[in-house]
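Below is one structure, written out as structure tokens; the observations come after it.
FYI, it's all coordinate maths here, none of it is from the lab. Worth saying up front: this structure is predicted, and the values here are computed from it rather than measured. With ideal geometry, Cβ positions are generated from the backbone for all residues, glycine too; neighbour counts draw on all protein chains shown.
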Amino acid sequence: MDIDPSSREEQALTQRVQRLLDQRRLNLPLLPRAVTEVLALAGANDTDLRRLSGLVETDQSLAAHVLRAANSSAYAAAGPVTSLRQAMARLGMRAVARIALAAALGPRLFVAPGFEPLVRSLWRDSLTTALWARELVLRGGGDAELSFLCGLLHQIGRPVILHEALAAQRAGLVFDEALLLRLMDRFATPVGLELATHWQLPDPVIATIAALGELEFHSGYDDVVAGVRAARSLTERARARDELLADDLAAFAPDADAARQLLANQHQIRALIDALAA
């Protein structure tokens, strides 16, 4: 009986990733320096936020993202801004910290030549989850900034798997996007945990990756994990249609007023996603 060539390719890729994972030989990327600096400065201390302003001013990529966000329809009701200082004043430093973190991470990690549409989709999903996680937790009185961080980083294992698949492709393996999606679904959690540990990310991020992968992880971060899980559900619904409905949001809001506010804010969230994913 003939063996389906695609099955052989899938088996070879699966064995490759599993072997690298078992031997701890995955080609894990370095944590981008800008991400390290933003994470260090994005705490509650006002002095650190002023230092963050200096970091953004000296990094062209971060500055461009901040300007783009400030001029998006999410914030530009008062008219366009042309200077970085105007942009940061309009956004507020907490928002600048979120934008800088996304700008520092996405273009450096979510890259896979030949699979650009897939990578863009993964990054957009991460941004959408992060922004909805912040919004949901904010309405419930939790740690909104931590929820944003966990939402942004919850699927960092997927681009690592893509990079390993590209290495196999260069060695002669042939596969399609459907196979890649199955491979990422299978290994996203263990590879994400490996990368999160390698990067020494905060415990709530590790807890979120584990919990979304249905792994046991007793942590004390149940509220954050629940917020990211709910945001992930909203992300999947938003991918299926252009606009979320009241019914989509009602299940994730503490009361009717919060649900109406979430519904009203979705256009601002989408505008910011468009600005950051560009």
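Quick look at the values:
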| read-out | value |
| --- | --- |
| Hull-based mean projected area of region 111-278, where the convex hull spans the alpha carbons, in square nanometres | 10.1 |
| The chain: calculated mean residue ellipticity at 222 nm from DSSP helix runs of at least 4, using -39500 (n - 2.57) | -23500 deg cm²/dmol |
| Sorted by Cβ density within 10 Å, fewest first, the residues Trp123, Trp132 | Trp123, Trp132 |
| Cα long-axis angle, helix 93-109 against the chain (0 to 90 degrees, to the nearest 10) | 20 |
| Protection-proxy order for peptides 250-260, 192-202, each taking the mean of Cβ atoms within 10 Å per residue, highest first | 192-202, 250-260 |
| Exposure proxy order (Cβ contacts within 10 Å, fewest to most) of Ile209, Ile273 | Ile273, Ile209 |
| Karplus 3J(HN,Hα) series, Hz, for region 135-146 with 6.51 cos²θ - 1.76 cosθ + 1.60 (x for Gly, Pro) | 5, 5, 5, 4, 5, x, x, x, 7, 5, 5, 5 |
| Pairwise label distance in nanometres, Asp274 with Arg260, each label 7 Å out on the Cα-Cβ vector | 2.6 |
| For region 173-248: rounded, prolate or oblate by the Cα gyration tensor [a/c cutoff 1.5] | oblate |
| Three principal axis lengths of region 29-109 [C-alpha, angstrom, descending] | 39, 27, 19 |
| Relative contact order (percent, whole number), the chain, Cα cutoff 8 Å, 6+ residue spacing | 22 |
